[in-house]
Amino acid sequence: MKICRTVEEFRRARPELGKLALVPTMGAFHEGHLSLMKKGKEVADSVAISIFVNPLQFAPTDDLANYPRQEEEDFAMAESVGVDAIFAPETASFTQGIKTTVSVGGVSRLWEGEHRPGHFDGVATIVSKLFLVTQPDIAIFGQKDFQQCAVIAQMVEDLNFPIQLQFEPTMREESGLAMSSRNEYFTPDQKAKACHLHDTLMSASTQIKESDQSISDILLSSQRSLTDHNFAPEYFAYVDPVTLEPKEHRISNGRLIVAARFHGVRLIDNIGVFL
Ligand code: PAF
């Protein structure tokens, strides 16, 4: 497994990698990340990952300084699933002094875009850089960040990146809680209770499929249920899966998306509702 700390090093390594799948990450790996890397092995000759805790996508009040970092463990985990190359640039060399922003219109303005102003500009800028440095044939992202997938899809289409995107289903704990590096902030008891976020999505999905309650009533009672369980919801919405526009009436492939704080930790999750 080759570890590249600079753009030049990765560029030198690139020709040997052949048809390449890239999994962009911010490290702190869990099973969800590993499953994306394994997927990469299935669809290409080689799989590369990037590990970069991207300061451009964190607001000053966000958890950038405390974001979990465990590079040695991450390298070992990546090696255990057969990753061929890692691009792990130093923050200073990769983003300091950067004056260019990639800003995706439309889909990035809603939900996470409203609650985390500038977040998707940071994501789109860094993902563009990662694509240009690593030149992958395929790029793989997890659907836990559903809106991020939609933003990147729009960007790849608009800027004609010659890259095939693959979005993989969310990996979950047995309780249903979506795997996330931020789950590390919870005590075991809090982590056990955090699965109520997924329970609420599931029960809203059942109500959409099986009841004739209005969408707005279902969303309201879901938010109430979260509040009753000590969550502070930021949004709980039923949306179009491509534009992320809210839907007031049932559609065949709607998506339920949610962001809520639980014991100070901001969680996001989503599920498809297929009629
Ligand atoms: O999903 C993430 O971990 C990040 O947003 C990404 C895509 C690696 C960009 O920094």
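For Val102, nonlocal amide neighbours, meaning residues 5 or more places apart or on other chains whose placed amide H falls under 5 Å from its own, are Thr125.
Rolling a 1.4 Å probe over the protein heavy atoms gives the chain an accessible area of 47 Å² per residue. For the set Lys2/Lys99; Lys41/Lys129; Lys39/Lys129; Lys19/Lys39; Lys99/Lys129; Lys144/Lys191, the pairs lying more than 19 angstrom apart at their alpha carbons are Lys2/Lys99; Lys41/Lys129; Lys39/Lys129. Distant-in-sequence amide contacts of Val273, defined by a placed amide H-H separation under 5 Å and a gap of 5 or more residues or a different chain, comprise Gly254, Arg255, Leu256.
Under 20 °C and 1.002 mPa s, how fast does the chain diffuse according to Stokes-Einstein, given a Kirkwood radius computed over C-alpha pairs? Answer in µm²/s, whole number.
Here the translational diffusion coefficient equals 110 µm²/s.
Using only Cα coordinates, the Kirkwood hydrodynamic radius of segment 98-189 works out to 14.6 Å. Restricting to the chain, what percent of DSSP beta bridges are antiparallel, rounded to 5? Antiparallel bridges: around 50 percent, rounded to the nearest 5. For segment 106-245, the C-alpha radius of gyration sits at 1.19 times the compact-globule guess of 2.2 N^0.38 Å, with N the residue count. Take the solvent-accessible surface of the protein heavy atoms, probe 1.4 Å, and return the percent of it on segment 168-275 that carbon and sulfur atoms account for. Carbon with sulfur: 51 percent of the solvent-accessible area. For the peptides 241-250, 262-271, the ranking by packing is 262-271, 241-250, with the highest mean count of neighbouring Cβ atoms within 10 Å listed first. Considering segment 156-201 at the alpha-carbon level, its Rg and Dmax are found to be 15.9, 46 Å. Using a simple spin-label model with pseudo-atoms 7 Å out from Cα toward Cβ, Asp212 and His115 lie 3.3 nm apart. Enclosing the Cα atoms of segment 34-144 in their convex hull gives a volume equal to 127 cubic angstrom per residue. Per residue, the chain reaches -11000 deg cm²/dmol at 222 nm when only DSSP H runs of four or more residues are counted, each adding -39500 (n - 2.57).
Distance from the Cα centre of segment 161-216 to that of segment 34-97, in angstrom? Computed from Cα coordinates, the inter-centre distance equals 23 Å.
Sorting Met37, Met77 on solvent-accessible area from highest to lowest, probe radius 1.4 Å, gives Met77, Met37.
Between Thr6 and Ser252, the modelled labels are 5.4 nm apart [label points 7 Å from Cα along Cα→Cβ]. Here the spin labels are modelled as points 7 Å beyond Cα on the Cα-Cβ line, and at Thr227 and Ser93 they lie 5.1 nm apart. Could you tell me what % of all Cα pairs in segment 26-80 have separations over 19 Å? When every Cα pair of segment 26-80 is considered, 37 percent fall beyond 19 Å.
A dipole drawn for the chain from +1 and -1 charges on Cβ atoms has a positive end, and of Ser205, Met26, Asn54 the residue lying farthest that way is Asn54.
Work out how much length Ala153 to Leu64 would gain on full extension: take 0.36 nm times their residue separation and subtract the Cα-Cα distance, in nm to one decimal.
Taking 0.36 nm per residue and subtracting the Cα distance, the gain is 29.5 nm.
Springs between Cα atoms under 10 Å define the GNM used for the chain, and in it the highest mean-square fluctuation of Val43, Val239, Val123 occurs at Val43.
The per residue volume of the convex hull around the alpha-carbon atoms of segment 179-275 is 92 Å³.
Summing Cβ point charges (Lys, Arg +1; Asp, Glu -1) relative to the Cα centre of the chain gives a dipole of roughly 320 debye.
Within the listed set Lys99, Lys41, Lys193, the residue fluctuating most in the Gaussian network model of the chain (springs between alpha-carbon atoms under 10 angstrom) is Lys99.
The values are calculated or read from the model by the stated rules, or taken from the named source; none is laboratory data. In this text, all values refer to a predicted model and were calculated from it rather than measured experimentally. Counting neighbours? That spans all protein chains shown, and the Cβs are built from the backbone with ideal geometry, glycine included. Surface areas here come from the heavy atoms of the whole protein model, side chains and all, with no ligands, DNA or RNA. Shrake-Rupley method; radii C 1.70, N 1.55, O 1.52, S 1.80 Å.
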